[in-house]
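Notes for the one structure printed next.
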Amino acid sequence: MRSDPPQRSADRSVPSLRDSVMTNSVSPRIPLRATGVAVLLSALALASAAAPAYAGDPSVPCPQPNVAGTVLLPALCDVVGDDDTMVISTGLPAGTTIIIDPTWDTFFNIVRVPGGVFPGGQIQDFDGILEMSMTGTGALAAFNRNIFMQVATRMHTAAPSPGAPIQEMDVQIESMQGQILGDPDFNLISLVAGFAFALPSPGETTLLRTGPAGNDFVVDSFFDVAYQISFVGAPGSVLDGLLGTTTDTVDLRQGGAPWSEWSPGKPCGSIFVPELIAQGALSVDSWNVLEVVDGPPLVPAVWFVGFSPLRAPFKGGILGPQPDIQLNVNLDVFGEYRIPYQWPNAPAGTRLWVQVWMHDISLADPFCSTQTLVGTSQ
């Protein structure tokens with residue numbers, strides 16, 4: 001997505017969070033028609049006239065067909081690193097690593113059966129291809145390879161909610177394993193992940209319907225994968241004589257949303273680093289979710305929604321949106337607040353900036369925020 005230059009002008013006033021945050025609060029996880037969400041939806045409807053069009057190419061969600069009111073899993077879209085990479089670090093010279101940019105796709109041999117670790121859930125067994133784009137550092141700075149490994153996976157998913165416009169399901173990867181023998185650089189390279197190998201790999205899948213009942217869905221999934229990579233260098237290669245086993249974690253995501261980060265957030269002390277998560281297609285009548293996670297529990301907060309960017313200094317951080325709309329809420333006991341909403345009939349290219357600020361009086365510096373996201377309607 002194109003990044004516009006920072007914008008700030010002297011005549012733009014910045015609101016007082018202290019004044020905003022203590023009034024007109026509403027409860028977390030409020031129903032779609034509740035007052036706070038109605039205010040936000042009104043703001044979104046105004047965006048069609050107020051926000052500038054954008055002709056860029058934002059990320060595309062993972063579309064999947066509606067099958068009896070839900071989606072067959074696994075969704076047939078790429079799974080990639082969510083701003084994260086895998087690594088080989090053990091068994092290499094000091095100061096040397098191999099960074100791996102993963103893409104997990106081409107799912108086949110899919111078998112679905114009822115059962116698993118979630119009541120009413122399902123187990124999926126399937127094969128896929130893990131592309132590992134490798135880049136060396138240190139003594140291996142000249143090392144660059146793309147390796148394709150077939151991996152067999154068993155995954156458990158919770159029961160869906162057929163017919164609901166937004167469906168959320170917990171996921172657990174039981175096992176993921178593959179290996180390659182006789183590669184020019186690796187005499188052996190293998191990967192395992194999942195709770196069957198004492199490598200817990202939980203996740204969550206969200207299905208968001210793209211319109212009225214009967215329409216298809218977009219899939220947005222997150223996986224926190226603990227993995228183990230073992231290797232033996234091939235004779236005559238730059239890895240000759242090297243071997244090792246690395247255990248680490250990687251954040252993976254399937255699908256995405258037409259949102260990108262506009263400006264950074266401000267941590268809440270040294271413990272909480274709040275994050276704003278966006279899901280959904282932002283197409284006409286599509287169902288979407290905005291959610292704050294990892295904030296301080298039970299504190300007042302303000303959603304700032306703007307039809308243009310501001311990016312101005314504010315409470316020791318950066319206020320990203322022009323504060324055209326403010327929604328006062330309280331985070332729940334987990335430091336979260338979730339808003340499901342249906343996108344209005346806004347022209348493609350409509351842009352919206354969103355950020356959430358929090359006020360935690362228990363901290364020496366009581367003001368903190370999520371990053372600012374900018375979304376572009378499809």
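Since every read-out is calculated from the coordinates, none of them should be taken as a lab result. This one's a predicted model, so the numbers in the text were calculated from it and none came from an experiment. Backbone-built Cβ (ideal geometry, glycine too); neighbour counts: all protein chains shown.
The table for this structure:
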read-out	value
Two-decimal ratio, the range 63-254, of alpha-carbon radius of gyration to 2.2 N^0.38 Å	1.13
Mean separation of Cα contacts under 8 Å (6+ apart) over length of the range 63-254, as relative contact order %	21
Full-extension gain in nm, Glu204 to Asp332, via 0.36 nm per residue minus C-alpha separation	44.1 nm
Nitroxide proxy distance, nm - points 7 Å out along Cα→Cβ at Val67 and Asn345	3.4
Extension reserve of the Val238-Ser161 stretch, reckoned as 0.36 nm per residue once the Cα distance is removed	22.5 nm
Rg/Rh (Cα only; Kirkwood hydrodynamic radius) as it applies to the range 252-323	0.98
Contour minus Cα-Cα distance for Arg145 and Asp285 (0.36 nm per residue)	46.1 nm
